[in-house]
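Asker: Below are the C-alpha cells for one structure; questions will follow.
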Amino acid sequence: MKRRSFLTTATLGSAGLSTFLISGCNPNSIKNDEVTEAVGNSGTVFELNEETISSLREKLSSGKYSSEELVRMYLDRIESIDKNGYELNSVIEINPDAIALAKTMDLEMKSGKSRGPMHGIPILIKDNIDTGDKMQTTAGSLALVGNIASNDAFVIKKIREAGAVLIGKTNLSEWANFRSTSSCSGWSSRGGQTKNPYILDHNPCGSSAGSGVAVAANLCVVAIGTETDGSVVCPASVSGIVGIKPTVGLVSRTGIIPISSTQDTAGPMARTVADAAILLGAMTGIDDQDLVTMESKGKAHSDYTAFLDHDALNGKRIGVERKPQGKNQFMHALQKKTIDLLKSKGATIIEIDYLDEISKLGEDEFEVMQFEFKAGLNSYLSSSNAKLKNLKEVIDFNNANEDKAMPYFKQETLISSNEKGSLTDKKYVEALKKCHLGSKEIIDKVITVNKLDAICGLTMGPACSIDMIYGDRWGDVFLTMPAAVSGYPHITVPCGVVYDLPVGFSFFGIAYSEPKLISIAYAYEQASRKRTKPSFKKSFL
C-alpha cells in the first residue's frame, strides 16, 4: 500500500495520526464571527485567562483566591462557553465532587500543609482514564456507559497525591480513534463533537481533542491526554498549546483503556512548557502493575522544572529532515523562520535523512496495534465494571445500536482487531520487531552518527475542517510517527499560525531524554512567544 493512500484512511497506522474526530457548530449561539477573548456569563473577560500553575499558586498562597473559588470559576467557564455560547463540547463530564475536593485542599493549605505546586490546582483528564469516584470511564463509547471504576488509575493516584483537583473529564475521539478508517477526530457517540476553538468548524485533532481544546480555551490550567500515535502532540499543535508525549515507561498505563502496550502513554497538556513540566513531574512513578515503568528507575524526575533553561539552545545540535515537509509555501516559511530562530540562539542545525525509512514501518505499526488492542482491551474489560466484557461484545453492541453508536462512520478497525490472534502469533512478533525495534535503530543511528541532542520539525499542518462524511484529511505534514513507534519522548510547542490556525513545532529524542527536550523547548518558547489565544471564529470563510 502506498504511503499516501494509507494516510487517507486516517488510521493510527502509517499516518501516525489516528489516535484522533466532529459535529457542526450552532451559529445561532455565537454573536460575533471573531472574538479576541471569550467572555463568561457576566459578559466580562474571563478572570483566569492564560493563568499558569505558578501564577495561581502565588494567588492561592496570598489568599486572593481559594481552590474552591478557582474551581467554581472554571466550572462557570465550562458552562458558559463549552456547554453554551461557542459550544466547544470539550468536557464530557463534570466531577460532582470537585467543590468538596477543593475545600479539602483549602483546609490543608490553611493548616500549613503543602503538597507542592499542584496543590489546589484544577485539572481535567481524558475520558479513557479510570477514576475511582462518581465519574464514568467510557472512551467516549455508548457501549461503556455506566462503567464507573472501582479504583483510580495509577496516574490519577499520583496527581491526587500532588494535590490536584480533578474537575471533570474531557471528550475524545471514540476508542481513542481506533474504531474506523474513515473517522472524524474529536467525535464520540457519548460525547458528540469537540470543536477547534480557533475556527469552530475546524478539527481539534487527535483522540485527546477535548483535553487540547479545554486547555487552549482556558477551561482549566492543565489537562492530561493520552497518546498512541499523535494523540497528545497533534491536538496540542492545532490548539496552540504545549503537549508532551513521554517515553513509554515514564508514566504508568494501569487503569487507562488501552490501544497499544508498546506505544500507549499519558502525557501533560498545558499552555506553557513550565506548566507541562510541573504536571509531568506529578505524573511519573514506578508501578508494579505496569512493568515497563520499572525501566524508568533512576531516569525519572519528580521535578522537571529544574531543566527550564533560557539558554538551553546554545551549543545544541538539532537534526531536521532534509526533505521539505509538504508543499505549502506558508508552512515552509514557518519552518524556516523557526529554524533561523534556533540558530540565532546558538543551536547548530544538521540536515538528516530518516523520515522515509520510518514511514515504511506504517503498516507494521498498524498490525501491531490491532493485535495489542484486542489483547489489552479484553484484559481491561474483563476486570472492569463495564457491562461488556470483551471486544466482541462491544462490536455486537454497536451493531445492535447502529443509529446511535455509528451514525457516521462504522467500526472496521474494531472488527479487524478482533480477528487477530494472540500476542504469540508470528505475524505480530515479526511486525513488532520491524516497527518498534526497527524505528529505534533508525533514530538511534541518526542521533549517534550526527551527535544530535534532538530532532525537530513542524508537528502538523493546520487543522483540517470537520467532515463527518469523508473523515479527517490531514495533508502531508506530520511528525508524530517517529517518536510514537519507538516509544521515545516528544514535545510540541506553538510556533505560529497558518490561515489563522495554530501550528506546533516538535522536538524529540532518545528514551528518557525529557530533561534535555524540555530545556530545548523552553528556550525556544521563551525566545519565540508564539502562543496566541483562541479567536473562536465561526468559520474559515
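Asker: If you go through segment 463-477, how many residues are open to solvent by 30 Å² or more (accessible area, probe 1.4 Å) and either closer than 19 Å to residue 240 by Cα or in contact with an Asp or Glu (Cβ under 8 Å, 6 or more places away or on another chain) (or both)?
Answerer: Residues that pass the stated criteria total 4.
Asker: Determine if segment 409-418 includes at least one residue that is farther than 21 Å from residue 490 by Cα, of a type in the set (S, T, N, Q) and touching a Ser or Thr at 6+ places or on another chain (Cβ under 8 Å). Don't jump to the end; show me each part of the working.
Answerer: Our first condition is that a residue be farther than 21 Å from residue 490 by Cα; within segment 409-418, this holds for 409-418.
Now drop any that are not of a type in the set (S, T, N, Q), which leaves 411, 413, 416-418.
Within this subset, residues satisfying the condition of being touching a Ser or Thr at 6+ places or on another chain (Cβ under 8 Å) are 411, 413.
Among the residues of segment 409-418, at least one is farther than 21 Å from residue 490 by Cα, of a type in the set (S, T, N, Q) and touching a Ser or Thr at 6+ places or on another chain (Cβ under 8 Å), which makes the answer yes.
Asker: Restricting to segment 98-155, name every residue that is β-branched (Val, Ile, Thr), part of a helix (DSSP H, G or I) and buried (at least 21 other Cβ atoms within 10 Å of the Cβ).
Answerer: Just the residues of segment 98-155 that are β-branched (Val, Ile, Thr), to begin with: 99, 104, 121, 123, 125, 129, 131, 137-138, 145, 148, 155.
Keeping just the survivors that are part of a helix (DSSP H, G or I) gives 99, 104, 155.
Once the filter is applied, which keeps residues that are β-branched (Val, Ile, Thr), part of a helix (DSSP H, G or I) and buried (at least 21 other Cβ atoms within 10 Å of the Cβ), segment 98-155 yields only 155.
Asker: List, please: which pairs have Cβ atoms under 6 Å, are six or more places apart or on different chains, and start with a residue in segment 388-411 that is part of a loop (DSSP other than H, G, I, E, B) and end with one that is open to solvent by 70 Å² or more (accessible area, probe 1.4 Å) and of a type in the set (S, T, N, Q)?
Answerer: 389/382
Asker: Let me ask something else. Got a sec? Which of 497, 493, 449, 485 is under 30 Å from residue 410 (Cα atoms) and out of contact with any Pro (no Cβ under 7 Å at 6 or more places or on another chain)? Steps first, answer last, please.
Answerer: Details: 497 fails: under 30 Å from residue 410 (Cα atoms); 493 fails: under 30 Å from residue 410 (Cα atoms); 449 fails: under 30 Å from residue 410 (Cα atoms).
Result of the check over 497, 493, 449, 485: 485.
Asker: In this structure, is residue 190 among the basic types (Lys, Arg), open to solvent by 10 Å² or more (accessible area, probe 1.4 Å) and in a loop (DSSP other than H, G, I, E, B)? Before you say what the answer is, go through the steps one by one.
Answerer: Working: among the basic types (Lys, Arg): yes; open to solvent by 10 Å² or more (accessible area, probe 1.4 Å): yes; in a loop (DSSP other than H, G, I, E, B): yes.
Yes: the conditions hold for residue 190.
Asker: What is the one condition in (1) outside any helix (DSSP H, G or I); (2) farther than 30 Å from residue 152 by Cβ; (3) in contact with a Leu (Cβ under 6 Å, 6 or more places away or on another chain) that residue 335 does not satisfy?
Answerer: Just one mismatch for residue 335, condition (1).
Asker: Taking segment 401-415 as the region of interest, how many residues are surrounded by 21 or more Cβ atoms within 10 Å (Cβ to Cβ) and among the hydroxyl-bearing types (Ser, Thr, Tyr)?
Answerer: Residues that pass the stated criteria total 1.
Asker: Pairs needed: first member in segment 318-344, among the aromatic types (Phe, Trp, Tyr); second member anywhere, in a loop (DSSP other than H, G, I, E, B); C-beta distance under 7 Å; at least 6 residues apart or different chains.
Answerer: Note: no pairs meet the criteria.
Asker: Before we move on, is residue 451 on the phi > 0 side of the Ramachandran plot, outside any helix (DSSP H, G or I) and open to solvent by 20 Å² or more (accessible area, probe 1.4 Å)? Talk me through it step by step, then tell me what you get.
Answerer: Working: on the phi > 0 side of the Ramachandran plot: yes; outside any helix (DSSP H, G or I): yes; open to solvent by 20 Å² or more (accessible area, probe 1.4 Å): yes.
Judged against the criteria, residue 451 is a match.
Asker: For the structure I just gave you, tell me whether residue 500 is of a type in the set (D, E, K, R) and surrounded by fewer than 21 Cβ atoms within 10 Å (Cβ to Cβ). Before the answer, list the steps.
Answerer: Details: of a type in the set (D, E, K, R): yes; surrounded by fewer than 21 Cβ atoms within 10 Å (Cβ to Cβ): yes.
The answer is yes for residue 500.
Asker: Now for a separate question. For segment 434-445, which positions are closer than 14 Å to residue 368 by Cβ and surrounded by 14 or more Cβ atoms within 10 Å (Cβ to Cβ)?
Answerer: We begin by selecting, within segment 434-445, every residue closer than 14 Å to residue 368 by Cβ; these are 434-440.
The answer is 434, 435, 436, 438, 439, 440.
Asker: How many of the residues making up segment 74-96 are out of contact with any strand residue (DSSP E or B) (no Cβ under 8 Å at 6 or more places or on another chain) and open to solvent by 40 Å² or more (accessible area, probe 1.4 Å)?
Answerer: The qualifying residues number 5.
Asker: Please verify whether segment 246-257 includes one or more residues that are touching a His at 6+ places or on another chain (Cβ under 7 Å) and at pLDDT 95 or above.
Answerer: Applying the first criterion (touching a His at 6+ places or on another chain (Cβ under 7 Å)) to segment 246-257 yields none.
Checked against the condition, which is being touching a His at 6+ places or on another chain (Cβ under 7 Å) and at pLDDT 95 or above, segment 246-257 yields no hits at all.
Asker: Checking residue 170 against (1) farther than 25 Å from residue 234 by Cβ; (2) open to solvent by less than 20 Å² (accessible area, probe 1.4 Å), which single condition isn't satisfied?
Answerer: (1)
Table: residues versus (1) open to solvent by 60 Å² or more (accessible area, probe 1.4 Å); (2) under 24 Å from the mean Cα position of the chain (by Cα); (3) at pLDDT 95 or above.
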| site | (1), (2), (3) |
| --- | --- |
| 380 | no, yes, yes |
| 386 | no, no, yes |
| 392 | yes, no, yes |
| 399 | yes, no, yes |
| 417 | no, yes, yes |
| 422 | yes, no, yes |
| 426 | yes, no, yes |
| 432 | no, yes, yes |
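Asker: Being more than 20 Å from residue 203 (Cβ to Cβ), part of a helix (DSSP H, G or I) and among the aliphatic types (A, V, I, L, M), is that true of even one residue in segment 504-514? Steps first, please.
Answerer: So in segment 504-514, the residues more than 20 Å from residue 203 (Cβ to Cβ) come out as 507-514.
Subsequent filtering for residues that are part of a helix (DSSP H, G or I) retains 514.
From what's left, among the aliphatic types (A, V, I, L, M): none.
No, segment 504-514 contains no residue that is more than 20 Å from residue 203 (Cβ to Cβ), part of a helix (DSSP H, G or I) and among the aliphatic types (A, V, I, L, M).
Asker: I want to confirm something. Restricting to segment 172-215 and keeping residues that are under 12 Å from the mean Cα position of the chain (by Cα) and of a type in the set (Val, Ile, Thr), which single residue is farthest from residue 373 (Cα to Cα)? Explain how you work it out, then say what you get.
Answerer: First, pick out the residues of segment 172-215 that are under 12 Å from the mean Cα position of the chain (by Cα): 172-173, 176, 186, 204-215.
Subset that is of a type in the set (Val, Ile, Thr): 213, 215.
On the way: 213: 26, 215: 28 Å.
That would be 215.
Asker: Criterion first (hydroxyl-bearing (Ser, Thr, Tyr), open to solvent by less than 30 Å² (accessible area, probe 1.4 Å) and closer than 23 Å to residue 173 by Cα) does residue 65 satisfy it? Break it down into steps so the answer makes sense when it comes.
Answerer: Working: hydroxyl-bearing (Ser, Thr, Tyr): yes; open to solvent by less than 30 Å² (accessible area, probe 1.4 Å): yes; closer than 23 Å to residue 173 by Cα: no.
Considered against the rule, which asks whether it is hydroxyl-bearing (Ser, Thr, Tyr), open to solvent by less than 30 Å² (accessible area, probe 1.4 Å) and closer than 23 Å to residue 173 by Cα, residue 65 comes out as no.
The rows are residues; the columns are (1) surrounded by 22 or more Cβ atoms within 10 Å (Cβ to Cβ); (2) in contact with a strand residue (DSSP E or B) (Cβ under 9 Å, 6 or more places away or on another chain); (3) within 30 Å of residue 51 (Cβ to Cβ); (4) of a type in the set (Gly, Ala, Ser).
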residue	(1), (2), (3), (4)
244	yes, yes, yes, no
250	yes, yes, yes, no
279	yes, yes, yes, no
305	no, no, yes, no
317	no, yes, no, no
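Asker: Hey, among 357, 351, 372, which residue is outside any loop (DSSP other than H, G, I, E, B) and touching a Ser or Thr at 6+ places or on another chain (Cβ under 7 Å)?
Answerer: Values: 357 fails: touching a Ser or Thr at 6+ places or on another chain (Cβ under 7 Å); 351 fails: touching a Ser or Thr at 6+ places or on another chain (Cβ under 7 Å).
Result of the check over 357, 351, 372: 372.
Asker: Residue 223 - would you say it is outside any helix (DSSP H, G or I), of a type in the set (Gly, Ala, Ser) and open to solvent by less than 10 Å² (accessible area, probe 1.4 Å)? It would help to see each step written out before you state the result.
Answerer: Values: outside any helix (DSSP H, G or I): yes; of a type in the set (Gly, Ala, Ser): yes; open to solvent by less than 10 Å² (accessible area, probe 1.4 Å): yes.
Against the criterion (outside any helix (DSSP H, G or I), of a type in the set (Gly, Ala, Ser) and open to solvent by less than 10 Å² (accessible area, probe 1.4 Å)), residue 223 qualifies.
Asker: Being within 24 Å of residue 352 (Cα to Cα) and either aromatic (Phe, Trp, Tyr) or touching a Leu at 6+ places or on another chain (Cβ under 6 Å) (or both): is that true of residue 446 here?
Answerer: Working: within 24 Å of residue 352 (Cα to Cα): yes; either aromatic (Phe, Trp, Tyr) or touching a Leu at 6+ places or on another chain (Cβ under 6 Å) (or both): no.
Answer is no for this residue.
The values are calculated or read from the model by the stated rules, or taken from the named source; none is laboratory data. Note that the coordinates shown come from a computational prediction; the quantities given were computed from them, not determined experimentally. Cβ atoms come from the backbone with ideal geometry, glycine included; neighbour counts cover every protein chain shown. Accessible surface areas use protein heavy atoms only, side chains included; no ligands, DNA or RNA. Shrake-Rupley method; radii C 1.70, N 1.55, O 1.52, S 1.80 Å.
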